[in-house]
1. Among Ala28, Thr6, Gly153, whose Cα lies farthest out toward the positive end of the dipole of the chain, if unit charges sit on the beta carbon of Lys, Arg (+1) and Asp, Glu (-1)?
2. Identify all aspartates and glutamates with a Cα-Cα distance to Lys144 below 14 Å; exclude those on the same chain that are fewer than 8 residues away in sequence.
3. Between rounded, prolate and oblate, where does region 73-154 land on the alpha carbon gyration tensor, with a ≥ b ≥ c its root eigenvalues, rounded for a/c under 1.5, else prolate if a/b exceeds b/c?
4. Once you list every other residue whose beta carbon is under 13 Å from the beta carbon of Gly133, what net charge do they have if Lys and Arg are +1 and Asp and Glu are -1?
5. Hey, can you find the accessible area per residue of region 7-208 for me, probe 1.4 Å, expressed in square angstrom?
6. Rounded to the nearest 0.05, what FRET efficiency do His248 and Lys84 have when you use their Cβ-Cβ distance and R0 = 45 Å?
7. Using a 1.4 Å probe over the heavy atoms of the protein chains, calculate the carbon and sulfur portion of the accessible area of region 212-259 as a whole percent.
8. Determine the calculated [θ] at 222 nm for the chain from helices alone, applying -39500 (n - 2.57) to every DSSP H run no shorter than 4 residues and normalising by the residue count; nearest 500 deg cm²/dmol.
Amino acid sequence: MQTEPTILAHQDGAVRTLTLNRPGALNAFTAEMLVQLRAALNAAAEDAEVRCVLITGSGRGFCAGQDLSDPLVNPQLQPGEAPKDIAHLLDGYYIPLALRLRSMPVPVVAAVNGVAAGAGANFALGCDLVLAGQSASFIQAFSKIGLIPDCGGTWLLPRLVGRARALQLALLGDKLSATEAQAMGLIYRCVPDEELAASAQALAQRLSTLPVKAMAETRRAFDQAGLMEFEQALKMEAVMQSRLGFAHDYQEGAAAFLQKRAPQFTDR
Ligand code: T3D
(Lines give C-alpha, C1' and ligand atoms only; values in the text may rest on other atoms or scores of the structure.)
Protein backbone atom coordinates (compact mmCIF):
# COMPACT_ATOMS: atom_id res chain seq x y z
CA MET A 1 0.00 0.00 0.00
CA GLN A 2 1.17 3.56 -0.78
CA THR A 3 2.49 5.35 2.31
CA GLU A 4 2.08 8.87 0.91
CA PRO A 5 -1.47 10.27 0.88
CA THR A 6 -3.21 9.48 -2.41
CA ILE A 7 -4.74 12.97 -2.33
CA LEU A 8 -2.66 16.04 -1.51
CA ALA A 9 -4.43 19.19 -0.31
CA HIS A 10 -2.96 22.68 -0.46
CA GLN A 11 -4.57 26.00 0.41
CA ASP A 12 -3.62 29.19 -1.44
CA GLY A 13 -5.82 32.11 -0.37
CA ALA A 14 -9.40 30.95 -0.84
CA VAL A 15 -8.45 28.18 -3.31
CA ARG A 16 -8.07 24.56 -2.16
CA THR A 17 -5.99 22.52 -4.59
CA LEU A 18 -6.45 18.74 -4.48
CA THR A 19 -3.81 16.70 -6.29
CA LEU A 20 -4.46 13.08 -7.28
CA ASN A 21 -1.26 11.42 -6.14
CA ARG A 22 -0.48 7.96 -7.50
CA PRO A 23 1.83 9.09 -10.32
CA GLY A 24 3.33 5.61 -10.85
CA ALA A 25 -0.09 4.37 -12.04
CA LEU A 26 -1.11 7.63 -13.76
CA ASN A 27 -3.22 8.40 -10.66
CA ALA A 28 -5.60 5.50 -11.33
CA PHE A 29 -8.30 5.33 -8.66
CA THR A 30 -8.00 2.71 -5.92
CA ALA A 31 -10.73 2.23 -3.32
CA GLU A 32 -8.53 3.98 -0.75
CA MET A 33 -8.00 6.92 -3.10
CA LEU A 34 -11.71 7.26 -3.90
CA VAL A 35 -12.42 7.43 -0.16
CA GLN A 36 -9.66 10.01 0.40
CA LEU A 37 -10.84 12.11 -2.54
CA ARG A 38 -14.42 12.22 -1.27
CA ALA A 39 -13.17 13.09 2.23
CA ALA A 40 -11.03 15.90 0.78
CA LEU A 41 -14.03 17.28 -1.14
CA ASN A 42 -16.17 17.04 2.01
CA ALA A 43 -13.53 18.92 3.98
CA ALA A 44 -13.37 21.65 1.31
CA ALA A 45 -17.17 21.90 1.23
CA GLU A 46 -17.32 22.33 5.00
CA ASP A 47 -14.49 24.86 5.25
CA ALA A 48 -15.81 28.44 5.04
CA GLU A 49 -12.32 29.64 3.97
CA VAL A 50 -12.58 27.66 0.70
CA ARG A 51 -14.28 29.54 -2.16
CA CYS A 52 -12.99 27.45 -5.09
CA VAL A 53 -11.55 23.94 -5.49
CA LEU A 54 -8.90 23.11 -8.08
CA ILE A 55 -8.23 19.45 -8.98
CA THR A 56 -5.15 18.23 -10.82
CA GLY A 57 -2.88 15.19 -11.06
CA SER A 58 0.72 14.58 -10.06
CA GLY A 59 3.27 13.35 -12.58
CA ARG A 60 2.49 12.92 -16.27
CA GLY A 61 -1.14 11.85 -15.98
CA PHE A 62 -4.39 13.31 -14.64
CA CYS A 63 -6.15 10.01 -13.85
CA ALA A 64 -6.25 6.66 -15.72
CA GLY A 65 -9.66 5.74 -14.26
CA GLN A 66 -10.30 2.75 -12.07
CA ASP A 67 -7.11 0.94 -11.04
CA LEU A 68 -7.69 -2.35 -12.78
CA SER A 69 -5.30 -4.15 -10.41
CA ASP A 70 -7.20 -3.03 -7.30
CA PRO A 71 -8.45 -6.10 -5.38
CA LEU A 72 -11.89 -4.46 -5.34
CA VAL A 73 -12.29 -5.01 -9.10
CA ASN A 74 -9.48 -7.31 -10.20
CA PRO A 75 -11.15 -9.73 -12.60
CA GLN A 76 -8.23 -12.17 -12.67
CA LEU A 77 -10.23 -14.85 -10.96
CA GLN A 78 -8.79 -17.89 -9.24
CA PRO A 79 -10.39 -21.20 -10.24
CA GLY A 80 -13.78 -21.45 -8.56
CA GLU A 81 -13.81 -17.77 -7.53
CA ALA A 82 -16.98 -15.84 -8.36
CA PRO A 83 -16.64 -12.55 -10.33
CA LYS A 84 -16.96 -9.40 -8.24
CA ASP A 85 -20.11 -7.32 -8.71
CA ILE A 86 -19.08 -3.91 -10.09
CA ALA A 87 -22.27 -2.45 -8.58
CA HIS A 88 -20.55 -2.50 -5.17
CA LEU A 89 -17.77 -0.31 -6.54
CA LEU A 90 -20.18 2.14 -8.15
CA ASP A 91 -22.70 2.27 -5.28
CA GLY A 92 -20.05 2.44 -2.59
CA TYR A 93 -17.45 4.71 -4.18
CA TYR A 94 -18.15 6.33 -7.56
CA ILE A 95 -21.76 7.43 -7.10
CA PRO A 96 -21.10 9.18 -3.75
CA LEU A 97 -17.99 10.78 -5.25
CA ALA A 98 -19.76 12.06 -8.38
CA LEU A 99 -22.68 13.38 -6.32
CA ARG A 100 -20.29 15.11 -3.91
CA LEU A 101 -18.46 16.76 -6.81
CA ARG A 102 -21.67 17.92 -8.48
CA SER A 103 -23.10 19.41 -5.29
CA MET A 104 -20.05 21.35 -4.10
CA PRO A 105 -21.05 24.73 -2.62
CA VAL A 106 -18.18 26.39 -4.54
CA PRO A 107 -16.98 26.19 -8.16
CA VAL A 108 -14.62 23.34 -9.06
CA VAL A 109 -11.91 23.70 -11.71
CA ALA A 110 -10.12 20.70 -13.23
CA ALA A 111 -6.57 21.24 -14.49
CA VAL A 112 -6.04 18.18 -16.68
CA ASN A 113 -2.28 17.81 -16.88
CA GLY A 114 -2.08 14.53 -18.85
CA VAL A 115 -4.16 11.55 -19.83
CA ALA A 116 -7.67 11.35 -18.32
CA ALA A 117 -9.16 7.91 -19.03
CA GLY A 118 -12.35 6.07 -18.05
CA ALA A 119 -13.73 7.26 -14.74
CA GLY A 120 -10.79 9.69 -14.59
CA ALA A 121 -12.06 11.44 -17.73
CA ASN A 122 -15.64 11.61 -16.49
CA PHE A 123 -14.58 12.80 -13.06
CA ALA A 124 -12.75 15.70 -14.79
CA LEU A 125 -15.73 16.42 -17.05
CA GLY A 126 -17.99 16.58 -13.99
CA CYS A 127 -16.04 19.64 -12.78
CA ASP A 128 -17.43 23.09 -13.56
CA LEU A 129 -14.60 24.44 -15.72
CA VAL A 130 -12.09 22.09 -17.33
CA LEU A 131 -8.71 23.43 -18.42
CA ALA A 132 -6.26 21.04 -20.06
CA GLY A 133 -2.62 21.21 -21.05
CA GLN A 134 -1.93 20.85 -24.78
CA SER A 135 -0.47 17.35 -24.34
CA ALA A 136 -3.39 16.12 -22.19
CA SER A 137 -5.94 13.70 -23.61
CA PHE A 138 -9.36 12.25 -22.85
CA ILE A 139 -10.22 8.58 -23.39
CA GLN A 140 -13.56 6.89 -22.80
CA ALA A 141 -11.63 3.68 -22.12
CA PHE A 142 -14.70 1.69 -20.99
CA SER A 143 -15.64 0.15 -24.35
CA LYS A 144 -12.16 -1.40 -24.61
CA ILE A 145 -12.83 -3.48 -21.50
CA GLY A 146 -16.48 -4.24 -22.22
CA LEU A 147 -18.12 -1.61 -20.00
CA ILE A 148 -20.26 1.49 -20.47
CA PRO A 149 -19.14 5.01 -19.49
CA ASP A 150 -19.64 5.49 -15.74
CA CYS A 151 -18.88 8.15 -13.14
CA GLY A 152 -21.62 10.21 -14.84
CA GLY A 153 -20.39 9.67 -18.42
CA THR A 154 -23.75 8.58 -19.84
CA TRP A 155 -25.30 11.82 -18.55
CA LEU A 156 -22.43 14.22 -19.13
CA LEU A 157 -21.17 13.25 -22.59
CA PRO A 158 -24.38 13.73 -24.65
CA ARG A 159 -25.06 16.99 -22.82
CA LEU A 160 -21.57 18.33 -23.44
CA VAL A 161 -21.07 17.34 -27.08
CA GLY A 162 -24.40 15.91 -28.37
CA ARG A 163 -25.41 12.29 -28.94
CA ALA A 164 -23.47 11.68 -32.16
CA ARG A 165 -20.13 12.77 -30.75
CA ALA A 166 -20.84 11.21 -27.36
CA LEU A 167 -21.39 7.88 -29.08
CA GLN A 168 -18.26 8.36 -31.17
CA LEU A 169 -16.21 8.90 -27.99
CA ALA A 170 -17.88 6.11 -26.01
CA LEU A 171 -18.01 3.41 -28.69
CA LEU A 172 -14.59 3.90 -30.26
CA GLY A 173 -12.77 4.82 -27.06
CA ASP A 174 -10.20 6.74 -29.08
CA LYS A 175 -7.78 9.15 -27.51
CA LEU A 176 -9.05 12.72 -27.92
CA SER A 177 -6.42 15.44 -27.71
CA ALA A 178 -7.02 18.47 -25.51
CA THR A 179 -7.16 20.64 -28.64
CA GLU A 180 -9.87 18.42 -30.13
CA ALA A 181 -11.70 18.36 -26.80
CA GLN A 182 -11.81 22.15 -26.76
CA ALA A 183 -12.93 22.36 -30.41
CA MET A 184 -15.72 19.85 -29.68
CA GLY A 185 -16.95 21.80 -26.65
CA LEU A 186 -16.07 18.96 -24.27
CA ILE A 187 -13.84 21.22 -22.16
CA TYR A 188 -13.56 24.92 -21.51
CA ARG A 189 -10.00 25.57 -22.69
CA CYS A 190 -6.73 24.03 -23.80
CA VAL A 191 -3.54 25.91 -22.91
CA PRO A 192 0.19 25.30 -23.47
CA ASP A 193 1.47 22.70 -20.97
CA GLU A 194 3.85 25.13 -19.32
CA GLU A 195 0.99 27.57 -18.67
CA LEU A 196 -1.54 25.08 -17.28
CA ALA A 197 -0.74 25.36 -13.55
CA ALA A 198 -0.60 29.17 -13.57
CA SER A 199 -3.71 29.54 -15.77
CA ALA A 200 -5.72 27.14 -13.61
CA GLN A 201 -4.59 28.86 -10.41
CA ALA A 202 -5.45 32.31 -11.84
CA LEU A 203 -8.87 31.08 -12.95
CA ALA A 204 -9.55 29.51 -9.54
CA GLN A 205 -8.40 32.66 -7.70
CA ARG A 206 -10.66 34.77 -9.93
CA LEU A 207 -13.66 32.51 -9.31
CA SER A 208 -13.01 32.67 -5.56
CA THR A 209 -13.59 36.44 -5.59
CA LEU A 210 -16.94 36.15 -7.41
CA PRO A 211 -20.34 35.24 -5.91
CA VAL A 212 -19.69 31.52 -5.44
CA LYS A 213 -23.08 30.74 -3.94
CA ALA A 214 -24.76 31.92 -7.15
CA MET A 215 -22.28 29.80 -9.14
CA ALA A 216 -23.19 26.63 -7.26
CA GLU A 217 -26.85 27.50 -7.85
CA THR A 218 -26.14 28.08 -11.56
CA ARG A 219 -24.65 24.58 -11.82
CA ARG A 220 -27.68 23.14 -10.03
CA ALA A 221 -30.07 25.11 -12.26
CA PHE A 222 -28.32 23.93 -15.46
CA ASP A 223 -28.40 20.31 -14.27
CA GLN A 224 -32.10 20.51 -13.40
CA ALA A 225 -33.23 22.62 -16.39
CA GLY A 226 -31.98 19.95 -18.80
CA LEU A 227 -34.73 17.68 -17.53
CA MET A 228 -37.52 20.29 -17.64
CA GLU A 229 -39.99 21.92 -20.01
CA PHE A 230 -39.21 25.59 -20.77
CA GLU A 231 -41.97 26.91 -18.52
CA GLN A 232 -40.85 24.70 -15.64
CA ALA A 233 -37.31 26.01 -16.05
CA LEU A 234 -38.58 29.61 -15.91
CA LYS A 235 -40.38 28.82 -12.67
CA MET A 236 -37.33 27.12 -11.20
CA GLU A 237 -35.26 30.20 -12.09
CA ALA A 238 -37.77 32.41 -10.28
CA VAL A 239 -37.57 30.28 -7.10
CA MET A 240 -33.76 30.28 -7.09
CA GLN A 241 -33.54 33.96 -8.01
CA SER A 242 -35.93 34.85 -5.23
CA ARG A 243 -33.72 33.05 -2.70
CA LEU A 244 -30.53 34.64 -4.03
CA GLY A 245 -32.21 38.06 -4.06
CA PHE A 246 -32.45 37.97 -0.26
CA ALA A 247 -28.81 36.91 0.12
CA HIS A 248 -25.91 39.23 1.00
CA ASP A 249 -24.08 38.84 -2.32
CA TYR A 250 -26.91 40.26 -4.40
CA GLN A 251 -27.38 43.23 -2.06
CA GLU A 252 -23.62 43.79 -2.11
CA GLY A 253 -23.24 43.33 -5.88
CA ALA A 254 -26.05 45.77 -6.69
CA ALA A 255 -24.91 48.32 -4.07
CA ALA A 256 -21.29 48.13 -5.24
CA PHE A 257 -22.38 48.74 -8.83
CA LEU A 258 -24.41 51.80 -7.88
CA GLN A 259 -21.66 53.13 -5.60
CA LYS A 260 -19.06 52.51 -8.32
CA ARG A 261 -16.80 50.40 -6.05
CA ALA A 262 -15.51 46.83 -6.10
CA PRO A 263 -17.93 44.33 -4.49
CA GLN A 264 -16.93 42.08 -1.57
CA PHE A 265 -18.76 38.79 -1.97
CA THR A 266 -18.92 36.57 1.11
CA ASP A 267 -21.90 34.20 0.68
CA ARG A 268 -21.20 30.55 0.30
O1 T3D B 1 -14.42 -3.07 -12.66
C2 T3D B 1 -14.22 -1.95 -13.17
O3 T3D B 1 -13.18 -1.70 -13.75
C4 T3D B 1 -15.28 -0.88 -13.03
C5 T3D B 1 -14.77 0.48 -13.09
C6 T3D B 1 -14.85 1.25 -14.14
C7 T3D B 1 -14.32 2.62 -14.17
C8 T3D B 1 -13.19 2.80 -15.16
O9 T3D B 1 -12.49 3.78 -15.02
S10 T3D B 1 -13.00 1.67 -16.38
C11 T3D B 1 -11.55 2.25 -17.26
C12 T3D B 1 -10.29 1.89 -16.55
N13 T3D B 1 -9.14 2.51 -17.17
C14 T3D B 1 -8.59 2.02 -18.27
O15 T3D B 1 -9.01 1.06 -18.87
C16 T3D B 1 -7.33 2.73 -18.76
C17 T3D B 1 -6.15 1.81 -18.71
N18 T3D B 1 -4.92 2.50 -19.04
C19 T3D B 1 -4.57 2.77 -20.30
O20 T3D B 1 -5.24 2.47 -21.25
C21 T3D B 1 -3.24 3.46 -20.48
O22 T3D B 1 -2.47 3.31 -19.34
C23 T3D B 1 -3.39 4.98 -20.79
C24 T3D B 1 -3.95 5.16 -22.20
C25 T3D B 1 -4.27 5.67 -19.77
C26 T3D B 1 -1.98 5.64 -20.75
O27 T3D B 1 -1.10 4.92 -21.59
P28 T3D B 1 0.49 5.17 -21.47
O29 T3D B 1 1.12 4.37 -22.55
O30 T3D B 1 0.75 6.63 -21.45
O31 T3D B 1 0.90 4.62 -20.01
P32 T3D B 1 1.04 3.10 -19.54
O33 T3D B 1 2.41 2.62 -19.76
O34 T3D B 1 -0.07 2.29 -20.11
O35 T3D B 1 0.75 3.25 -17.96
C36 T3D B 1 1.75 3.72 -17.07
C37 T3D B 1 1.64 2.90 -15.80
O38 T3D B 1 0.34 3.13 -15.23
C39 T3D B 1 1.71 1.40 -16.08
O40 T3D B 1 2.32 0.80 -14.97
P41 T3D B 1 3.82 0.19 -15.07
O42 T3D B 1 3.80 -0.82 -16.17
O43 T3D B 1 4.68 1.37 -15.37
O44 T3D B 1 4.05 -0.38 -13.71
C45 T3D B 1 0.26 1.00 -16.15
O46 T3D B 1 0.04 -0.36 -15.84
C47 T3D B 1 -0.34 1.88 -15.07
N48 T3D B 1 -1.77 2.10 -15.31
C49 T3D B 1 -2.34 2.89 -16.24
N50 T3D B 1 -3.66 2.82 -16.16
C51 T3D B 1 -3.94 1.98 -15.16
C52 T3D B 1 -2.74 1.49 -14.61
N53 T3D B 1 -2.71 0.61 -13.62
C54 T3D B 1 -3.90 0.18 -13.14
N55 T3D B 1 -5.09 0.59 -13.63
C56 T3D B 1 -5.15 1.47 -14.61
N57 T3D B 1 -6.37 1.93 -15.05
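1. After comparing all options, I get Gly153.
2. Once the sequence-local aspartates and glutamates are set aside, what remains near Lys144 is Asp174.
3. Since a/c reaches 1.5 but b/c is at least a/b, the shape of region 73-154 is classed as oblate.
4. -1
5. Per-residue value: 44 Å².
6. Values: r = 49 Å, r/R0 = 1.09.
For His248 and Lys84, the calculated efficiency is 0.35.
7. 64
8. After summing the helix terms and dividing by residue count, I get -13000 deg cm²/dmol.
The values are calculated or read from the model by the stated rules, or taken from the named source; none is laboratory data. Worth saying up front: this structure is predicted, and the values here are computed from it rather than measured. We place every Cβ from the backbone using ideal geometry, glycine too, and count neighbours over all the protein chains shown. Ligands, DNA and RNA are stripped out before the accessible areas are found, and what is left, the full protein with its side chains, is counted by its heavy atoms. Shrake-Rupley method; radii C 1.70, N 1.55, O 1.52, S 1.80 Å.
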